[in-house]
Amino acid sequence: MVLSKAVSESDASLHSTFASRYVRTCLPRFKMPDNSIPKEAAYQIINDELMLDGNPRLNLASFVTTWMEPECDKLIMSSINKNYVDMDEYPVTTELQNRCVNMIAHLFNAPLGETETAVGVGTVGSSEAIMLAGLAFKRRWQNKMREQGKPFDKPNIVTGANVQVCWEKFARYFEVELKEVKLRDDYYVMDPEKAVEMVDENTICVAAILGSTLNGEFEDVKRLNDLLVEKNAETGWDTPIHVDAASGGFIAPFIYPELEWDFRLPLVKSINVSGHKYGLVYAGIGWVIWRNKEDLPDELIFHINYLGADQPTFTLNFSKGSSQIIAQYYQLIRLGFEGYKSIMENCQENAMVLKEGLEKTGRFNIISKDNGVPLVAFSLKDHNQHTEFEISDMLRRFGWIVPAYTMPPDAQHVTVLRVVVREDFSRTLADRLVVDISKVLHELDTLPARLSAKKTVSEENGMSVAAVDAEHEVTRKITDAWRKFVLDKKKTQGVC
């Protein structure tokens with residue numbers, strides 16, 4: 001005789017996840033659940049919800065690396081449980097970080113002897129790196145002013161209005177006045193002449209950007225250095241330069257080797273770079289390099305011994321993973337100078353292909369420069385019909401994430417679309433994007449123009465407000481009827 005047995009709630013994990021009770025209830029959002037669920041169900045439910053995220057490879061808003069070789073993925077997973085701060089327990093990982101610091105310092109032409117060790121540290125990104133560099137500048141300036149018997153309570157820093165938000169955070173968090181050089185039409189980076197004019201005795205440094213977030217352009221660091229040398233000689237000050245090379249630091253040495261922006265310039269005292277951008281590592285790694293030991297005050301370095309041996313530390317956080325440091329070392333030795341150069345050249349060529357494709361549409365002005373970070377920033381020539389924000393929104397239907405944004409003061413009237421060309425953005429994808437942008441433009445052209453634009457044009461032509469409103473009502477009804485027709489048509493079509 002066959003015996004049957006009812007399956008209890010506790011045996012639910014033996015069945016398919018989608019046949020279990022766990023898919024019939026909502027996941028907790030604010031409070032930890034009272035009971036456990038099977039690991040298979042937890043994985044499946046979370047994985048399913050994550051499907052609603054965008055595709056990282058098609059996220060053209062981001063500079064951050066979204067693809068690495070499988071071999072490096074294995075190294076990352078094998079070291080994901082290592083806490084980097086435990087230097088005595090993981091001495092090889094610490095050695096790999098030191099090797100990365102030295103390799104990057106030499107890449108930036110740091111004035112090091114044959115056996116001299118570079119001064120630098122790995123961070124969780126360029127934001128932390130900038131905070132550390134800024135703190136070093138502030139402390140050196142305070143020490144100098146204190147020795148001279150002068151007030152040291154009102155430090156300032158000079159940047160362009162195009163800086164990344166981390167500079168604003170540094171200024172606000174550490175009580176430093178941020179003096180911004182405003183932008184202007186057709187000049188969307190910091191003007192060196194205006195920057196030097198804003199420098200005074202309380203300026204802890206001038207921050208130059210090698211690769212503006214807005215349009216990828218490299219600021220003229222050499223011109224800034226030369227002007228500051230003159231001003232320092234006239235005033236007796238010693239105002240230094242920090243280079244924010246978050247995006248451009250792993251580009252310029254390979255495809256613009258003659259460009260002087262790094263430690264070849266005497267006033268450049270520190271440089272930050274994002275390993276997780278064109279350093280070709282997943283998110284979570286940045287670097288800051290100082291010219292020499294004198295540029296990093298000793299009082300900012302802490303020494304601890306409760307993890308084993310004496311360990312120096314200069315970071316804003318304490319614990320952090322080792323995986324990204326190991327991944328950076330993998331990329332540096334795997335690719336070498338030759339490999340990085342080839343990848344950056346490919347990125348630049350694909351950016352040019354995309355730029356030419358957009359120009360052929362006849363609808364866009366190109367805002368970005370040919371020399372700089374491989375990206376294309378562009379804006380509509382005619383805003384009477386549609387906006388960059390509408391294009392950005394409709395491109396998401398094809399899977400593309402292309403940001404639209406306004407420029408900072410005094411160019412805030414300029415709206416821009418931007419496509420960042422990363423290592424995994426191929427020529428095929430560039431061609432495909434141009435095709436999809438053309439489709440979006442065609443579809444927008446078939447829709448009624450923006451009512452606000454039509455109202456402005458109508459008023460300029462002398463039409464009364466009542467007449468304009470009546471026209472708007474007719475347009476709205478036509479649009480609603482058209483949308484209803486399209487939806488009804490879709491309902492009658494089967495889906496295979």
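Miscellaneous remarks
- Strands (runs of 3 or more DSSP E) wholly inside region 276-360 that include at least 1 residues being farther than 22 Å from Thr66 by Cα and modelled with pLDDT of 95 or more: 286-290
- Residues that are touching a strand residue (DSSP E or B) at 6+ places or on another chain (Cβ under 8 Å) and part of a loop (DSSP other than H, G, I, E, B), drawn from region 112-124: Ala118, Val124
- Inter-residue pairs, beta-carbon under 8 Å, first free of Cβ contacts under 8 Å to residues at least 12 places away in the same chain and in region 97-122, second surrounded by fewer than 16 Cβ atoms within 10 Å (Cβ to Cβ) and outside any loop (DSSP other than H, G, I, E, B), 6+ apart: Leu112/His106
- Residue match in region 286-298 (condition: loosely packed, with under 15 Cβ neighbours inside 10 Å, in the same structural domain as Ser270 (by TED's automatic domain parsing) and free of Cβ contacts under 8 Å to residues at least 12 places away in the same chain): yes
- Test: residue in region 42-52 that is in contact with an Asp or Glu (Cβ under 9 Å, 6 or more places away or on another chain), modelled with pLDDT under 95 and not acidic (Asp, Glu): no
- So Val414, is it closer than 30 Å to Phe254 by Cα and hydrophobic (A, V, I, L, M, F, W, C): no
- Unmet requirement for Asp186, which otherwise passes all of (1) touching a His at 6+ places or on another chain (Cβ under 6 Å); (2) at pLDDT below 95: (1)
- Residue ID - nearest to Glu443 (Cα to Cα), chosen from residues in region 392-432 that are acidic (Asp, Glu) and within 18 Å of the chain's Cα centre (by Cα): Asp424
- Of all residues in region 226-259, those satisfying the criterion of being under 28 Å from the mean Cα position of the chain (by Cα), surrounded by fewer than 24 Cβ atoms within 10 Å (Cβ to Cβ) and not in a loop (DSSP other than H, G, I, E, B) are Ile241, Pro253, Phe254, Ile255.
- Pairs, first modelled with pLDDT of 85 or more in region 81-93, second among the basic types (Lys, Arg), C-beta under 7 Å, six or more apart: Tyr84/Lys320; Tyr90/Lys82; Thr93/Lys82
- Residue in region 168-178 that is surrounded by fewer than 18 Cβ atoms within 10 Å (Cβ to Cβ), of a type in the set (A, V, I, L, M, F, W, C) and not in a loop (DSSP other than H, G, I, E, B) present: yes
- Exactly one residue out of Asn109, Asn81, Asn35, Asn47 is part of a helix (DSSP H, G or I) and not hydrophobic (A, V, I, L, M, F, W, C): that is Asn47.
- In summary, helices (runs of 4 or more DSSP H) completely within region 392-496 and bearing 1 or more residues that are over 30 Å from Ile343 (Cα atoms) and at pLDDT below 60 occur at 451-460, 465-491.
- Trp67, sole failed condition from (1) farther than 25 Å from Val420 by Cβ; (2) not assigned by TED's automatic domain parsing to the domain that holds Ser322: (1)
- Residues located in region 50-65, provided they are part of a loop (DSSP other than H, G, I, E, B), touching a residue at least 60 places away in the same chain (Cβ under 8 Å) and hydrophobic (A, V, I, L, M, F, W, C): Leu60, Ala61, Phe63, Val64
- Taken across region 142-153, residues that are part of a loop (DSSP other than H, G, I, E, B) and surrounded by 21 or more Cβ atoms within 10 Å (Cβ to Cβ) do not occur at all.
- With respect to the stated conditions, Glu217 fails to be free of Cβ contacts under 8 Å to residues at least 40 places away in the same chain and in the same structural domain as Val165 (by TED's automatic domain parsing).
- Residue within region 260-271 that is among the small types (Gly, Ala, Ser) and not in a strand (DSSP E or B) present: no
- Given (1) in contact (Cβ under 8 Å) with a residue 40 or more places away in the chain; (2) closer than 28 Å to Ala377 by Cβ, number of the condition Pro257 does not satisfy: (1)
The values are calculated or read from the model by the stated rules, or taken from the named source; none is laboratory data. Model, not experiment: these values are computed from the prediction. In this analysis, Cβ positions are derived from the backbone assuming ideal geometry, glycine residues included, and neighbour counts consider all displayed protein chains.
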